[in-house]
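Worksheet for the structure shown next.
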Amino acid sequence: MEKSIILTGDRPTGSLHIGHYAGTLESRVKLQKTDKYHMFVLIADLQALTDNSDNPEKIRQSILELTLDYLAVGLDPEKTSLCVQSGIPALTELPMYYSNLVTMSRLERNPTVKQEIRAHGFGHNLPVGFVTYPISQAADITAFKAEYVPCGDDQLPMLEQAREIVSSFNRIYKCNVLVEPQAILPERSACFRLVGTDGAAKMSKSLNNCIYIKDDEKTTREKVMSMYTDPLHINVSDPGHTANNPVFIYLEAFSKKEHFDEYLPEYSCLDEMKQHYEKGGLGDMKCKKFLNSVLQETFSDIRKRREEFSKDKGELLNILKKGTSQAAEITNKTLTEVRNAIGINYFEDVLFINNLTRSSV
Ligand code: TRP
């Protein structure tokens, strides 16, 4: 049986943080274990360039950082293809065709892009490449004929855009070439997008509020211990809030039953711990110590593996080269079908060529 294709991707703009792990890396590793799917993980360097055109060096370095993060968390290049967007020609050609099927006003309505434009403060200097990146991302997804795209909820508008392009394309060119993708969202809602250690809506390098997968034991501990909590929870006995409290949001994302048994047996589960915090009588220090234990346990083997893989950078490049050529091969097939469907395959189209010779006599 043909395997279904899964495609996911990340922009290479720095190493990945624990929010990426909870949001998507962990589920990628799970998906890799089933043999119903073949997964491609795309390092979207061209998308990263849309708002980093002046800093290609950051992207070059991040390609290897991402590869290390992938290998460290357990993505296996024998099972999963790790590939680089700029090395896959179909991904730059398809957007040319798709861009005719999307209106400016549709692009301007994309809530994720809108929010990013605001955050950047582009003003009148908004690059065309940036507003149109959802078209390029639709090409990423459809070129592989991906049925599933594991991602965070911020990517839902991109999937919606991709589905619209698929249905327009298949309708206008009277074909069935492109496949509509579906998102696979993280199981735990806290993982959709992890808040920063300072309580800001998002972990972001520029806010300096991330815990990175590669952070060593000491750095992780220091970051946890200085996390923002509930500003109204001053004395241990004060009732506390858990809803917008990053310590509890992280516990929601990472803690498991076993962690309670091992490090905090006085509670049987997170709900019990939360109740105590909300009632009053549970101190922030104790919560942070527990969170630190949970994170150390989750990431200690991953960190060790990352360390090992980083000893051979040449091998990282080989892995990417192999995955990229696998990706180029399958996406070129889609590209040919797309060109055929539009009818711009003049030099291979036998009907077109035969008609020419007939009409010339
Ligand atoms: N937009 C995604 C992000 O910012 C990265 C990405 C590029 C992607 N192409 C993709 C994700 C294709 C899923 C599928 O993280």
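The values are calculated or read from the model by the stated rules, or taken from the named source; none is laboratory data. Since this is a predicted model, take the numbers as computed values, not measurements. Don't worry about glycine lacking a Cβ; one is built from the backbone with ideal geometry, like all the others, and counts go over all protein chains shown. To get the accessible areas, we keep the full protein, side chains included, count just its heavy atoms, and leave off ligands, DNA and RNA. Shrake-Rupley method; radii C 1.70, N 1.55, O 1.52, S 1.80 Å.
Couple of notes before you dig in:
- Of all residues in segment 29-60, those satisfying the criterion of being more than 11 Å from the ligand (Cβ to nearest atom), under 24 Å from Thr331 (Cα atoms) and assigned to a helix (DSSP H, G or I) are Val29, Leu31, Gln32, Lys33, Leu49, Ile59, Arg60.
- One residue stands out among those in segment 260-287 that are part of a helix (DSSP H, G or I) and open to solvent by less than 10 Å² (accessible area, probe 1.4 Å): the one that is farthest from His20 (Cα to Cα), which is Tyr277.
- Residue count, segment 179-206 (criterion: in contact with an Asp or Glu (Cβ under 7 Å, 6 or more places away or on another chain) and not basic (Lys, Arg)): 6
- The residues listed here are Lys145, Lys79; of these, the one that is on the phi > 0 side of the Ramachandran plot and not in a helix (DSSP H, G or I) is Lys145.
- Residue check for Gly152: touching a Cys at 6+ places or on another chain (Cβ under 9 Å) and among the small types (Gly, Ala, Ser): yes
- Here Leu75, Leu91 are screened, and the one residue that is within 16 Å of the chain's Cα centre (by Cα), surrounded by 15 or more Cβ atoms within 10 Å (Cβ to Cβ), of a type in the set (A, V, I, L, M) and modelled with pLDDT of 95 or more is Leu75.
- Test: residue in segment 215-228 that is modelled with pLDDT under 90, open to solvent by less than 80 Å² (accessible area, probe 1.4 Å) and under 24 Å from Ser62 (Cβ atoms): no
- Members of segment 340-361 that are open to solvent by 40 Å² or more (accessible area, probe 1.4 Å), in contact with a helix residue (DSSP H, G or I) (Cβ under 8 Å, 6 or more places away or on another chain) and in a helix (DSSP H, G or I): Ile342
- First in segment 1-22 and open to solvent by 20 Å² or more (accessible area, probe 1.4 Å) and among the polar types (S, T, N, Q), second anywhere and within 14 Å of the ligand (Cβ to nearest atom) and assigned to a strand (DSSP E or B), Cβ under 7 Å, 6 or more apart: Ser4/Tyr148
- Condition met for Thr67 (touching a Leu at 6+ places or on another chain (Cβ under 8 Å), polar (S, T, N, Q), more than 14 Å from the ligand (Cβ to nearest atom) and open to solvent by less than 40 Å² (accessible area, probe 1.4 Å)): yes
- From the list Phe254, Phe169, the one residue that fits, being open to solvent by less than 40 Å² (accessible area, probe 1.4 Å), within 30 Å of Phe299 (Cβ to Cβ) and in contact (Cβ under 8 Å) with a residue 12 or more places away in the chain, is Phe254.
- Pick from segment 156-166, criterion open to solvent by less than 10 Å² (accessible area, probe 1.4 Å) and among the aliphatic types (A, V, I, L, M), ranking: nearest to the ligand (Cβ to nearest atom): Met158
- Checking the stated criteria, Gly196 turns out to be farther than 23 Å from Ile43 by Cβ, surrounded by 13 or more Cβ atoms within 10 Å (Cβ to Cβ) and more than 11 Å from the ligand (Cβ to nearest atom).
- Ile63 being farther than 20 Å from Arg193 by Cβ and in a helix (DSSP H, G or I): yes
- Within segment 128-155, considering residues that are over 14 Å from Ile6 (Cα atoms) and modelled with pLDDT under 95, the one farthest from the ligand (Cβ to nearest atom): Asp153
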